[in-house]
Structures are given as C-alpha cells and as structure tokens.
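Visitor: My structure is below; once you've seen it, I'll send some questions.
Every read-out reported here was derived from the displayed coordinates using simple, explicitly stated rules and does not represent laboratory data. Nothing here was measured: the structure is a model prediction, and the numbers come from that model. A quick note on method: Cβ atoms are made from the backbone with ideal geometry, for glycine too, and the neighbour counts reach across all protein chains shown.
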Amino acid sequence: MGCSVLDCAQLLGKKWTPIVLDTLFFEQGIPFNRLQKTLFPIQAKVLSSRLKELQKMGLVENTVKTQNKIKNSSYRLTFEGKELHKAFQTLKKWGMKTQKTPKTCLDSNCATCARRMEGKK
C-alpha cells in the first residue's frame, strides 16, 4: 500500500488524464472518436493509453455494443471515477475562491479551458 495522495498525484500528473476524467464526467457514454475530437489535439495513441490506464484502475469502463456487425465502443466513469471527480469539484471551487479560475468552472468541462490555453501558445 502506498500513500493515496502521492498515488493520486502520480495518476493525475500524467498529461491529459485529468481532462479525460473531467470530460467523461460531463459526457457519460461517449464514443472514442467523439472523445478524441472533444479533447483535440490529443493523439489517438495517447488517449487510448490513458483510457486503458484508467480502466485498469477501475475509474473508467468501456462498453462495447455490436449492431449490424459494427462494434460501437463508449466510455464512462465508474462509481469510483465519479467519486474521484468530487475532488475535481473541490479543486475547481478552490480555484474560484482564490480567483484562479473563472466562476463558470464548476459547470465547465476542463477540455474547454485546455483548448483555450492551447490556442494561446
């Protein structure tokens, strides 16, 4: 057993991980391609890797449905993933209180801010 704070910091410190989790909170049951478009400019290989890591940790689940021989895959947060998202809400509230994030942050997907920041580079 390790330290839960350090374990969470290591997980959330990986590029795109917090944004993927936050997006899945707002977009439950989202297909991979739409998730990638939402998170643009993330590369498919990176997104796939993050999703696999999050599934392995029990934070994300992948549902595959077959219709007319076509597999449709969608991703959603598990109960544990939703519980972790509560920590995101706490961080967003702290950011608003300290005027580090906009007042709309609680109701916004982090991908929105990430795209804005990417455009400023």
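Visitor: May I ask for the net charge around Tyr75, where only other residues with Cβ less than 15 Å from the Cβ of Tyr75 are counted and Lys, Arg are +1 while Asp, Glu are -1? Walk me through the intermediate numbers first.
Guide: Details: positive: Arg34, Lys37, Arg50, Lys52, Lys56, Lys65, Lys71, Arg76, Lys82; negative: Asp22, Glu27, Glu53, Glu61, Glu80.
Neighbourhood net charge equals +4.
Visitor: Let me ask another. Rank these for me by crowding, Leu77, Leu84, going from fewest to most other beta carbons within 10 Å. Don't skip to the end; give the middle numbers.
Guide: Numbers: Leu77 23, Leu84 20.
Ranked by crowding around the Cβ, least crowded first: Leu84, Leu77.
Visitor: For Leu106, what charge total do you get from the other residues with a beta carbon under 9 Å from its beta carbon, if Lys and Arg give +1 and Asp and Glu give -1?
Guide: On the way: positive: Lys92, Lys93, Lys103; negative: Asp107.
Summing Lys/Arg as +1 and Asp/Glu as -1 gives +2.
Visitor: Follow-up question, since we're still on this one. Quick one: helix 44-56 against the long Cα principal axis of the chain, what's the angle to the nearest 10°, folded into 0 to 90?
Guide: The angle comes out near 90 degrees.
Visitor: Sort Thr38, Thr98 so that the residue with the fewest other Cβ atoms within 10 Å of its own Cβ comes first and the one with the most comes last. List each step's numbers first, then the result.
Guide: Working: Thr38 19, Thr98 8.
Least to most surrounded, the residues fall as Thr98, Thr38.
Visitor: Using 7 Å Cα-to-Cβ label points, what is the Gln43/Phe26 separation (nm, one decimal)?
Guide: A separation of 2.5 nm, rounded to one decimal place.
Visitor: Helix 79-97 versus the longest principal axis of the chain: what angle, 0 to 90°, nearest 10, using Cα atoms?
Guide: 30
Visitor: For a quick check: sort Thr23, Thr63, Thr17 by the number of other beta carbons within 10 angstrom, fewest at the front. It would help to have the intermediate numbers written out before the result.
Guide: Working: Thr23 22, Thr63 10, Thr17 17.
So the ranking, lowest neighbour count to highest, is Thr63, Thr17, Thr23.
Visitor: Hey, another quick one. Nearest 20 debye, what's the magnitude of the dipole of region 15-120 about its Cα centre given +1 on Lys and Arg Cβ and -1 on Asp and Glu Cβ? Each step should come with its number before you reach the end.
Guide: Working: 21 positive and 8 negative charges, 50 e Å.
Roughly 240 debye, rounded to the nearest 20.
Visitor: Scan (1) 1.04; (2) 1.15; (3) 1.11 for the value of Cα Rg over 2.2 N^0.38 Å calculated from this model and give just the label.
Guide: (3)
Visitor: Which listed residue (Ile42, Thr23, Ser74) has the Cα farthest towards the positive end of the charge dipole for region 15-120, taking +1 on Lys and Arg C-beta and -1 on Asp and Glu C-beta about the Cα centre?
Guide: Ile42
Visitor: Measure off 7 Å from each Cα along the Cα-to-Cβ vector at Asn62 and Leu11, then give the distance between these two points in nanometres to one decimal.
Guide: 1.8
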